[in-house]
Amino acid sequence: MGLELYGKVEELFLDKEAAHILWSKFIEILEELNVDQILDIGCGSGDFCALAKENGFSVKGIDLSTTQVKRAKNKCDCIVKNVCDLQECFEASVAIFDVINYMNENELKDFFKCVERVTKKYFIFDINSLFAMEELAIGTLKAEDENRFSVLYSEFENNILKTEITLFEKENNCYKKTQKNIIQYYHSIKDIEKLLNMKLIKKVPVTLYDSGEIEKWILVFRNS
């Protein structure tokens, strides 16, 4: 599974400074909405969960990646779970850092129905701008530590961003190679509004990498 492999290399590529800017914006929005109980969908390695907990929120994280949840368990209450399998309800749900972009239109329809069912008040998430996907995300990235070397190669065409992940892991005197693909989809705000049966009450433009352009939108929807 491509996302499981990405979970193994995410720490090599994640820009923590940019991520913290985004996480902090989510915290500000949640404080403005005056909610206490949060579901973090696609919690990854648990950094936002930990930050939310530090800021006084009650937060539960879920993710489909076993690798990510193993990391997150040291930071917050999290489990390997699909949102559609949850029985609990939460005041607010969040999906941060490209979670929505990993799903195509049909997958989003099903996902949004499940989110609507478990979310009492607000659903807050970010989506990538077209500029971010066709200009910033393309090309090759390389990263390594003492035991791993990884390359991400991304191309954008027809509103689809395809990323090939290559990971070399040191095993004794050799390196084991693993290669998988992940796909992200561009969705406009209008596209999202058509798919989600909630009311859009706020949209926040975000720039994380000093490009001078809008790179993400944080969207706040209210459940009726």
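The figures follow:
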{"item": "All positions within region 189-213 that are part of a strand (DSSP E or B) and either at pLDDT below 95 or of a type in the set (Lys, Arg) (or both)", "result": "Lys199, Lys202, Lys203"}
{"item": "Any hit, region 162-175, residues being buried (at least 18 other Cβ atoms within 10 Å of the Cβ) and either among the acidic types (Asp, Glu) or under 30 Å from Leu39 (Cα atoms) (or both)", "result": "yes"}
{"item": "Residue match in region 131-149 (condition: closer than 30 Å to Glu32 by Cα and out of contact with any strand residue (DSSP E or B) (no Cβ under 9 Å at 6 or more places or on another chain))", "result": "yes"}
{"item": "All positions within region 165-224 that are touching a residue at least 40 places away in the same chain (Cβ under 8 Å) and of a type in the set (Ser, Thr, Tyr)", "result": "Thr178, Tyr185, Tyr186, Ser188, Tyr209, Ser211"}
{"item": "Inter-residue pairs, beta-carbon under 6 Å, first within 11 Å of Ala50 (Cα to Cα) and in region 70-81, second in a strand (DSSP E or B) and of a type outside the set (D, E, K, R), 6+ apart", "result": "Ala72/Gly61; Ala72/Cys78; Cys76/Gly61; Cys78/Gly61"}
{"item": "So Phe131, is it more than 30 Å from Asn172 (Cα to Cα) and surrounded by 20 or more Cβ atoms within 10 Å (Cβ to Cβ)", "result": "no"}
{"item": "Filter result for the condition that a residue is modelled with pLDDT of 90 or more and within 30 Å of Tyr153 (Cα to Cα), over Asp36, Asp15, Asp63", "result": "Asp63"}
{"item": "Scope region 142-158; condition in contact with a Phe, Trp or Tyr (Cβ under 6 Å, 6 or more places away or on another chain) and surrounded by 15 or more Cβ atoms within 10 Å (Cβ to Cβ); matching residues", "result": "Phe149"}
{"item": "Some residue of region 119-128 being assigned by TED's automatic domain parsing to the domain that holds Ile214, of a type in the set (D, E, K, R) and assigned to a loop (DSSP other than H, G, I, E, B)", "result": "no"}
{"item": "Pair list, Cβ under 7 Å, 6 or more apart: region 129-153 residue over 16 Å from Thr163 (Cα atoms), other residue hydrophobic (A, V, I, L, M, F, W, C) and assigned to a loop (DSSP other than H, G, I, E, B)", "result": "Ser129/Ile214; Phe131/Ile214"}
{"item": "Strands (runs of 3 or more DSSP E) lying entirely in region 10-111 (those with 1 or more residues that are at negative phi, surrounded by fewer than 19 Cβ atoms within 10 Å (Cβ to Cβ) and touching a Gly at 6+ places or on another chain (Cβ under 8 Å))", "result": "77-80"}
{"item": "Asn74 being farther than 25 Å from Leu208 by Cα, at pLDDT 95 or above and polar (S, T, N, Q)", "result": "no"}
{"item": "Pairs with Cβ under 8 Å, 6+ apart, first in region 101-114 and in contact (Cβ under 8 Å) with a residue 12 or more places away in the chain, second crowded, with 20+ Cβ neighbours inside 10 Å and acidic (Asp, Glu)", "result": "none"}
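Condition check ((1) of a type in the set (Ser, Thr, Tyr); (2) not assigned by TED's automatic domain parsing to the domain that holds Lys109) across all residues:
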residue	(1), (2)
Glu155	no, yes
Ile160	no, yes
Glu171	no, yes
Cys174	no, yes
Leu196	no, no
Leu200	no, no
Lys203	no, no
Tyr209	yes, no
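The values are calculated or read from the model by the stated rules, or taken from the named source; none is laboratory data. All of these numbers come straight from a predicted model, not from anything done at the bench. Because the Cβ atoms are built from the backbone with ideal geometry, glycine has one as well, and the counts that use them run over all protein chains shown.
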